[in-house]
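To start, the structure under review is shown below, and the notes come after it.
The values are calculated or read from the model by the stated rules, or taken from the named source; none is laboratory data. These figures come from a predicted structure and were not determined experimentally. So basically every Cβ, Gly included, is an ideal-geometry build from the backbone, and we count neighbours across all protein chains shown. For the accessible areas, the whole protein counts, side chains as well, though only heavy atoms, and no ligand, DNA or RNA atoms are used. Shrake-Rupley method; radii C 1.70, N 1.55, O 1.52, S 1.80 Å.
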Amino acid sequence: MSSTQFNKGPSYGLSAEVKNRLLSKYDPQKEAELRGWIEGLTGLSIGPDFQKGLKDGIILCTLMNKLQPGSVPKINRSMQNWHQLENLSNFIKAMVSYGMNPVDLFEANDLFESGNMTQVQVSLLALAGKVDILEQF
């Protein structure tokens, strides 16, 4: 099963307007900061495409295990879609147990299908901010 089977057709009307508005809020500078933070903590390279580099959930699960050891006990290394989605789901659950505010979380398909990369960015920035706050104490 290819990931293109999950893609929806083009957006029209209100849904296209919403998608375009979300895209306009995505900040490439924040992406660069997040990339540096994630790669620095995990020692793993995201690659040139932020979404594709994080889509399988391996780097994100590794990140959570660096922040809270054992928070993601099993990281799937398979390239099957359902394993990748399971990794993303486990990462999101680990963020909740780390004390993240539910309104700051993204859904697995926001990243997997590149449906709402702005929300993914918001979530990761909130996580980075929480880490900074915790390190001050």
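Restricting attention to segment 28-51, the residues that are basic (Lys, Arg) and either over 14 Å from the mean Cα position of the chain (by Cα) or assigned to a loop (DSSP other than H, G, I, E, B) (or both) add up to 0. Could you tell me whether any residue of segment 74-95 is in contact (Cβ under 8 Å) with a residue 40 or more places away in the chain, open to solvent by less than 40 Å² (accessible area, probe 1.4 Å) and over 23 Å from Tyr26 (Cβ atoms)? Checked against the condition, which is being in contact (Cβ under 8 Å) with a residue 40 or more places away in the chain, open to solvent by less than 40 Å² (accessible area, probe 1.4 Å) and over 23 Å from Tyr26 (Cβ atoms), segment 74-95 yields at least one hit.
Residue under question is Met100, and the condition is that it be in contact (Cβ under 8 Å) with a residue 24 or more places away in the chain and either over 11 Å from the mean Cα position of the chain (by Cα) or assigned to a loop (DSSP other than H, G, I, E, B) (or both); does it hold?
yes
Within segment 33-73, the set of residues being open to solvent by less than 20 Å² (accessible area, probe 1.4 Å), among the hydroxyl-bearing types (Ser, Thr, Tyr) and free of Cβ contacts under 8 Å to residues at least 12 places away in the same chain is empty.
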